[in-house]
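Working notes for the structure below.
The values are calculated or read from the model by the stated rules, or taken from the named source; none is laboratory data. Since the structure is predicted, the reported quantities are computational estimates derived from the model, not experimental observations. Every residue, glycine among them, receives a Cβ derived from its backbone with ideal geometry; neighbour counts consider all protein chains shown. Remember, those area values only see protein heavy atoms, side chains included, never the ligands or the DNA or RNA. Shrake-Rupley method; radii C 1.70, N 1.55, O 1.52, S 1.80 Å.
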Amino acid sequence: MSKWLSILCSFVLAVVIISFIPSPVSASATSDCDVVEGTGEVQFCALSAVYEGRDLVLRGLFVNTGVRPHSQLERLKVKVTGAEGEVLSEGEWVNDPTLLGLSLNPGQTELVELPLTGALRSTDVTRLNTVAELTFREQGGLYWNSGIQLFAGGRQLLPEVPPFIQDGSTLVPLRVIFEALGMAVGWDQAAQMVTATDQERKLVLRVGERKLTLNGVTKEFEVPAQVVNGSTFIPLRAVAESLGSAVFYGKFNNSAQIVMVEKK
């Protein structure tokens, strides 16, 4: 009897120990990078997060939405909170060799992974909020001081007709952005309709309408699609939501920088 009791106790103990071992959580895209606005400097957001043991690993993105180069990130402090505002973890890196090697011209991005040791566990890593403090050792001279600069697909775009603001919405040229992100764009003059496709997506919209269709699903926006000097424009937010992209927007004096990054 004592033998079986001993075996049963050992089994129960094993179950208790296993129950306290953290289970893995798959990496998921967070909403942290949907639309990020700043004052024209380098910004950081978490594209995804995953628990590895007792650590929370952020897959984050540095984006220079400023008007001057930044290099040698000598201090980075990150605070991560969950869906209910609870602090999950804080981390600080000072004179880290990898971060000191960071160099970003306006419009450039850099993907990094940041391990946060001893983080509290959240059941929903898709609703994290990340606040970062960045201190760079060096800043270069001004690249420009006016106009709206547009970046997508890792390069600066130079459309014939520049982006503009209408009724509080920033409108951007559809073709130049979609082609930069690898989509084929077609134009039906008679129907005044644009079609953009790749292997996974088909987007359709008509000039004058406040909506587009993506893979059969309708998405609405406030300012209608319109043709300006031969180029079709739609609101920036509509482009971002339709492509599943992160949008970074920085404003500095009379200049604004827009950087679009696909969240893959």
Inset, instruction - Restrict the check to segment 180-188 and report whether at least one residue is touching a Leu at 6+ places or on another chain (Cβ under 9 Å), open to solvent by less than 90 Å² (accessible area, probe 1.4 Å) and over 24 Å from P106 (Cα atoms). - result: yes
Legend entry - Count - residues of segment 104-128 that are more than 27 Å from R54 (Cβ to Cβ) and in contact (Cβ under 8 Å) with a residue 60 or more places away in the chain: 4
Legend entry - The lone exception for K219 - which of (1) modelled with pLDDT under 90; (2) in a strand (DSSP E or B); (3) under 24 Å from S255 (Cα atoms) it fails: (3)
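Counting residues that are open to solvent by 20 Å² or more (accessible area, probe 1.4 Å) and modelled with pLDDT under 90, which strands (runs of 3 or more DSSP E) fully inside segment 44-95 reach at least 3? Show your work before the answer.
On the way: elements: 55-64, 70-81, 87-94.
So the answer is none; nothing clears 3.
Which ones in segment 169-189 are assigned to a strand (DSSP E or B), under 14 Å from V227 (Cα atoms) and touching a residue at least 40 places away in the same chain (Cβ under 8 Å)? First the steps, then the outcome.
Going through segment 169-189, the residues assigned to a strand (DSSP E or B) turn out to be 169-173, 184-188.
Still in the list and also under 14 Å from V227 (Cα atoms): 171-173, 187-188.
Listed by number, the residues that qualify are L171, V172, P173, W187.
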Inset, instruction - Output the qualifying pairs, or none if there are none: Cβ atoms under 8 angstrom, residues six or more apart or on different chains, first residue in segment 129-145 and surrounded by fewer than 16 Cβ atoms within 10 Å (Cβ to Cβ), second residue assigned to a strand (DSSP E or B) and among the charged types (D, E, K, R). - result: V131/K79; E133/R75; E133/K77; T135/E74; T135/R75; R137/E74
Legend entry - Evaluation of E113 against (1) modelled with pLDDT under 90; (2) in a strand (DSSP E or B); (3) open to solvent by 80 Å² or more (accessible area, probe 1.4 Å); (4) of a type outside the set (S, T, N, Q) (one fails), failing number: (1)
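Table: residues versus (1) of a type outside the set (F, W, Y); (2) closer than 23 Å to A46 by Cα; (3) over 22 Å from the mean Cα position of the chain (by Cα).
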| position | (1), (2), (3) |
| --- | --- |
| L157 | yes, no, no |
| D167 | yes, no, yes |
| G216 | yes, no, yes |
| E222 | yes, no, yes |
| G244 | yes, yes, no |
| K251 | yes, yes, no |
| Q257 | yes, yes, no |
Inset, instruction - Check whether at least one residue in segment 19-42 is under 19 Å from V131 (Cα atoms) and at pLDDT 85 or above, and report yes or no. - result: yes
Legend entry - Criterion: among the β-branched types (V, I, T), open to solvent by less than 50 Å² (accessible area, probe 1.4 Å) and more than 25 Å from the chain's Cα centre (by Cα) - qualifying residue of V194, V176, V204: V194
Legend entry - Count of segment 160-173 residues which are open to solvent by 30 Å² or more (accessible area, probe 1.4 Å) and under 21 Å from N64 (Cβ atoms): 1
Legend entry - Sole exception among (1) surrounded by 16 or more Cβ atoms within 10 Å (Cβ to Cβ); (2) farther than 21 Å from A180 by Cβ for S255, by number: (2)
